[in-house]
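The values are calculated or read from the model by the stated rules, or taken from the named source; none is laboratory data. The shown structure was predicted, so the numbers you read here are calculated from the model rather than taken from an experiment. Please note: Cβ atoms are built from the backbone with ideal geometry, for glycine as well, and neighbour counts cover all protein chains shown.
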Amino acid sequence: MKDIRRIMEERILVLDGAMGTMIQAYNFTEEDYRGERFKDYPTPLQGNNDLLSLTQPEAIKTIHSKYFEAGADIAETNTFSGTTIAMADYQMENLVYELNYESARLAREVADEFTAKEPHKPRFVAGSIGPTNRTASMSPDVNDPGYRAITFDELRIAYKQQVEALLDGGADILLVETVFDTLNAKAALFSIEEVKEERGIDVPIMLSGTITDASGRTLSGQTAEAFLISVSHIPLLSVGFNCALGANLLQPHLEAIANKTPFAVSAHPNAGLPNAFGEYDQTPEEMGAQIEEYLKKNLINIIGGCCGTTPAHIKVIADIAAKYESRKMMVGSYE
């Protein structure tokens, strides 16, 4: 398969849209989440979207297919919460390897089907590595600012298990995304480097932070440029931002890093900001118009969608991206 780095120099690559948004449309019940295998499980399972890779695999494959049909080059695995840390909420830590392996395998299967049909447009699988539900940099207890709910080493061990399973299942890329605490991300990156060294492989790494609000900072307090600097010691395929903000509000932060990094730049914003009911109202056309501003300014190499986005959004984004050249890489991109 043609190297993703070379393809990215030729054109803008399109990442898929929101997995959660598509899953919500199925209105799965507690029984659907459980399936036959987990029908007597002692804890409630509704909401554990990663589990659907085991109990509703056809639905997950269909979601991947719809995004590829819409024009996506890269599918994210259904593994955003696929660590022992996050799965502890459901007492499913022992399933982590299987969840990640099966999620990657499902995405790989669909990607290979589309690549076989359209060899000129190879499809890739990005192993989605979420931030976990704990932060290594800050205390969750306002009365004890020195307290930490998780250690770097605990994060590293959990991420390593996820990384190994994603690679075993067929992921081409590892996507560390929705980074609100750079120390968590560093643990994930450290574990990836460990696995690369142990296996003697070189796997492309995408890293995507989250600017949480109008302050222009991540939750752990970094500006976009500070975030970039603090992760640039790792040889990344791309660095960028996703979630929290709509496309227009994300633009200044992409501008802050686009001319300061030899890495590719990615973005997968939300479909605007959520309304009073937590739903996203931005139409594909509205979102596409905002994203086109990125492309006019030559800020982007990889573009996709986060919360609230659907295949309809990705189709509009892919059609617009096809009209523009990929951001020019700075010298030393792949050294």
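Structure above, values below:
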quantity: ARG134 being modelled with pLDDT of 95 or more and either among the basic types (Lys, Arg) or in a loop (DSSP other than H, G, I, E, B) (or both); calculated: no
quantity: Residue match in segment 222-229 (condition: of a type in the set (Ser, Thr, Tyr) and either at pLDDT below 95 or in contact with a Lys or Arg (Cβ under 9 Å, 6 or more places away or on another chain) (or both)); calculated: yes
quantity: Extreme residue, nearest to PRO252 (Cα to Cα), among residues of segment 198-231 that are among the small types (Gly, Ala, Ser) and in a helix (DSSP H, G or I); calculated: ALA224
quantity: Close pairs (7 angstrom Cβ cut-off, 6 or more residues apart or separate chains): under 18 Å from GLU177 (Cβ atoms) and in contact (Cβ under 8 Å) with a residue 60 or more places away in the chain in segment 207-218, surrounded by 24 or more Cβ atoms within 10 Å (Cβ to Cβ) and acidic (Asp, Glu) anywhere; calculated: SER208/GLU177
quantity: Evaluation of PRO145 against (1) farther than 19 Å from ASP16 by Cβ; (2) under 18 Å from the mean Cα position of the chain (by Cα) (one fails), failing number; calculated: (2)
quantity: Residues that are modelled with pLDDT of 95 or more, among the small types (Gly, Ala, Ser) and not in a helix (DSSP H, G or I), drawn from segment 261-305; calculated: ALA264, SER266, ALA267, ALA271, GLY304, GLY305
quantity: Selected residue (only one of GLY82, GLY47 is under 15 Å from the mean Cα position of the chain (by Cα) and modelled with pLDDT of 95 or more); calculated: GLY82
quantity: Sole residue being assigned to a loop (DSSP other than H, G, I, E, B) and at negative phi, chosen from VAL142, VAL195, VAL163; calculated: VAL142
quantity: Segment 105-128, subset β-branched (Val, Ile, Thr) and in contact with a Ser or Thr (Cβ under 7 Å, 6 or more places away or on another chain), residue surrounded by the most Cβ atoms within 10 Å (Cβ to Cβ); calculated: VAL125
quantity: Qualifying positions in segment 26-53 - among the polar types (S, T, N, Q) and either surrounded by 16 or more Cβ atoms within 10 Å (Cβ to Cβ) or without any contact (Cβ under 8 Å) to a residue 40 or more places away in the chain (or both); calculated: ASN27, THR29, GLN46, ASN48, ASN49, SER53
quantity: Where a residue in segment 54-66 is without any contact (Cβ under 8 Å) to a residue 24 or more places away in the chain and its partner, wherever it lies, is assigned to a helix (DSSP H, G or I) and of a type outside the set (D, E, K, R), with Cβ under 9 Å and at least six apart; calculated: THR55/TYR33; THR62/MET22; THR62/VAL110
quantity: Filtered residue count, segment 60-92, keeping only those that are closer than 20 Å to GLY304 by Cβ, surrounded by fewer than 19 Cβ atoms within 10 Å (Cβ to Cβ) and touching a Phe, Trp or Tyr at 6+ places or on another chain (Cβ under 9 Å); calculated: 2
quantity: Sole residue being over 14 Å from the mean Cα position of the chain (by Cα) and surrounded by 21 or more Cβ atoms within 10 Å (Cβ to Cβ), chosen from SER139, SER191; calculated: SER191
quantity: Of residues in segment 137-189 being within 25 Å of ALA224 (Cβ to Cβ) and of a type in the set (Phe, Trp, Tyr), the one modelled with the highest pLDDT; calculated: TYR159
quantity: Residues located in segment 145-156, provided they are in contact (Cβ under 8 Å) with a residue 40 or more places away in the chain and either under 20 Å from ILE302 (Cβ atoms) or part of a helix (DSSP H, G or I) (or both); calculated: GLU154, LEU155
quantity: Tally, over segment 166-183, of residues that are on the phi > 0 side of the Ramachandran plot and small (Gly, Ala, Ser); calculated: 1
quantity: Single residue of ASP168, ASP181 found to be of a type outside the set (Val, Ile, Thr) and surrounded by fewer than 16 Cβ atoms within 10 Å (Cβ to Cβ); calculated: ASP168
quantity: Residue match in segment 35-44 (condition: closer than 17 Å to GLY308 by Cα and touching a helix residue (DSSP H, G or I) at 6+ places or on another chain (Cβ under 7 Å)); calculated: no
